Amino acid sequence: MDRRTMIVGWTTGAFGFAAAALAANQTPPGSPERVVADAERGFASTMARRDFGAFPPFISEEAIFLGNEGGTQILRGRRAIAEAWKPYFDGAQAPFSWEPDLVQVVDSGTLAVSSGPVRNPNGEVTGRFNSVWRLEPDGRWRVVFDRGSPVCPR
């Protein structure tokens, strides 16, 4: 049993609220998962606010974004990613939005994965994003890998 399992088990047994919070995909304030989820939400808010200048600092200098609409483009590095994403910031309305519904952090606290739905301007789910975050030497979490995928038809 790892330390987190022990803490969650103790908290659930002692207070009864942790299970409900985790079931609702809400993590305790200050937990590594909450910090990464908040970073992901901050990243997504740059698109919603139409603030391109705030977008690149969430991306690692050595990041790799995999795929585009055709699934073949690989973008390497903060500058190339920012240049490719700049057109998404044009116009008054964001062409899509995203928010994490799953965040997991490795026990060392230095890598994390986040995933969640991508929505069009009407709020319809059109895809799912998957990002790997790294805690960098300056203490900020930044995306190092990103890949989106379309929603599977029913």
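The values are calculated or read from the model by the stated rules, or taken from the named source; none is laboratory data. Keep in mind that this is a model prediction, so the values were computed, not measured. For neighbour counting, all protein chains shown are included, and Cβ atoms are generated from backbone atoms with ideal geometry for every residue, glycine included.
Any residue at all in the stretch 80-102 that is basic (Lys, Arg) and surrounded by 13 or more Cβ atoms within 10 Å (Cβ to Cβ)? Looking for residues that are basic (Lys, Arg) and surrounded by 13 or more Cβ atoms within 10 Å (Cβ to Cβ), one finds none in the stretch 80-102, hence no.
Criterion first (part of a loop (DSSP other than H, G, I, E, B) and at pLDDT below 95) does residue 11 satisfy it? For residue 11, the condition - part of a loop (DSSP other than H, G, I, E, B) and at pLDDT below 95 - is not met.
Close Cβ contacts (under 8 Å, 6 or more residues apart or on different chains) running from residues in the stretch 100-113 that are β-branched (Val, Ile, Thr) to residues that are modelled with pLDDT under 95 and part of a loop (DSSP other than H, G, I, E, B) comprise 103/27.
When restricted to residues that are in a strand (DSSP E or B) and either aromatic (Phe, Trp, Tyr) or under 17 Å from residue 38 (Cα atoms) (or both), the stretch 128-145 contains 12.
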